[in-house]
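The next block holds one structure in the form of structure tokens; read it before the comments.
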Amino acid sequence: MEGVQESMMPYQRKESVMHWLEKEKTLSIATISHRLGVSEMTVYRDIKPLVEKGDIARTTGGIVLRESEPTPDYCAYCLKVNNRIHQAQMLYGDQHIEYFCCPHCALLRYHYQAEQVDQLICQDFLKGTTISGKNAFYLLGADELLGCCSPQVLVFEKKEQAEKFSMGFGGCVHSFHSAVREVHRQMSGSCDCTE
Ligand SMILES: [Zn+2]
Ligand SMILES: [Zn+2]
């Protein structure tokens, strides 16, 4: 341990990063590493909980405050215009982010990219809060409400809420991996007509 910077505790470094981000909106990992006097590896370790909490998102070589994050115009899977509130975002291990028009596209994309995906971020259908897609519950086959991709996928943070919702609007509740399989199955079976 030499110098003031290196004796900073991880939580103090996180506070500094958040403080800078609030003013500067975006920071590169190299800048943070330089300012804190710690290795880039340490920076990545420090910011990991902030990324997991959804306070910040990683970009190529840096981080951004999530509220200031620009939303790309098109869904990364179906290329529809991303003008909806029920979007989903996927964060990859190599730090890039993809945006989806709705959870349907995020699940399909995940089916093909599972290995590379670090995190899936969704909005709770009822509360609009940011939640972790991998721990969320998915309602498939309910009444059409999003007006986006079909089969429609609604996301809920709590299983009870998804189940309660399905009593009024139909559909089946799935956990994350089961929802990924189910959407893929319904999409790939083009000849598998059930109507
Ligand atoms: Zn889409
Ligand atoms: Zn969609």
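Evaluating THR26 against the criteria (1) in contact (Cβ under 8 Å) with a residue 12 or more places away in the chain; (2) over 24 Å from ILE97 (Cα atoms) leaves one unmet condition, (2).
Checking LEU79, LEU140, LEU91 one by one, the residue that is at positive phi and not polar (S, T, N, Q) is LEU79 and no other.
Could you check, for the stretch 94-117, whether at least one of its residues is within 14 Å of ligand 1 (Cβ to nearest atom), part of a strand (DSSP E or B) and exposed (fewer than 15 other Cβ atoms within 10 Å of the Cβ)? No, the conditions are met nowhere in the stretch 94-117.
Annotation note: Cβ proximity below 8 Å between a residue of the stretch 172-183 that is in the same structural domain as LYS159 (by TED's automatic domain parsing) and acidic (Asp, Glu) and a residue that is at pLDDT 95 or above and crowded, with 18+ Cβ neighbours inside 10 Å (sequence gap 6+ or interchain) occurs for GLU182/LEU140; GLU182/HIS174. Restricting the search to the stretch 138-154, which residues are touching a residue at least 40 places away in the same chain (Cβ under 8 Å) and more than 12 Å from ligand 2 (Cβ to nearest atom)? If the condition is that a residue be touching a residue at least 40 places away in the same chain (Cβ under 8 Å) and more than 12 Å from ligand 2 (Cβ to nearest atom), then TYR138, LEU140 are the ones that fit.
Picking from residues in the stretch 5-29 that are in a helix (DSSP H, G or I) and hydrophobic (A, V, I, L, M, F, W, C), the one that is surrounded by the fewest Cβ atoms within 10 Å (Cβ to Cβ) is MET18.
Out of the stretch 70-84, which residues are assigned to a loop (DSSP other than H, G, I, E, B), within 14 Å of ligand 1 (Cβ to nearest atom) and either modelled with pLDDT of 90 or more or in contact with a strand residue (DSSP E or B) (Cβ under 9 Å, 6 or more places away or on another chain) (or both)?
THR71, PRO72, ASP73, CYS75, ALA76, TYR77, CYS78, LYS80, ASN82
Put simply, of MET18, MET1 the only residue that is at pLDDT below 90 and hydrophobic (A, V, I, L, M, F, W, C) is MET1. Give the residue that is farthest from ligand 2 (Cβ to nearest atom), with candidates limited to residues of the stretch 88-105 that are free of Cβ contacts under 8 Å to residues at least 60 places away in the same chain and within 9 Å of the chain's Cα centre (by Cα). Among those residues, the one meeting the criterion is LEU91. Scanning the stretch 133-152 for any residue that is of a type in the set (Gly, Ala, Ser), within 16 Å of ligand 1 (Cβ to nearest atom) and either assigned to a helix (DSSP H, G or I) or within 14 Å of the chain's Cα centre (by Cα) (or both) turns up at least one such residue. For residues in the stretch 157-178 being hydrophobic (A, V, I, L, M, F, W, C) and in contact with a Lys or Arg (Cβ under 9 Å, 6 or more places away or on another chain), which is surrounded by the most Cβ atoms within 10 Å (Cβ to Cβ)? Per the stated criteria, the residue is VAL173. Would it be correct to say that PHE125 is surrounded by 14 or more Cβ atoms within 10 Å (Cβ to Cβ) and either at pLDDT 95 or above or of a type in the set (A, V, I, L, M) (or both)? No; evaluated as a whole, the condition is false for this residue.
The values are calculated or read from the model by the stated rules, or taken from the named source; none is laboratory data. This one's a predicted model, so the numbers in the text were calculated from it and none came from an experiment. Counting neighbours? That spans all protein chains shown, and the Cβs are built from the backbone with ideal geometry, glycine included.
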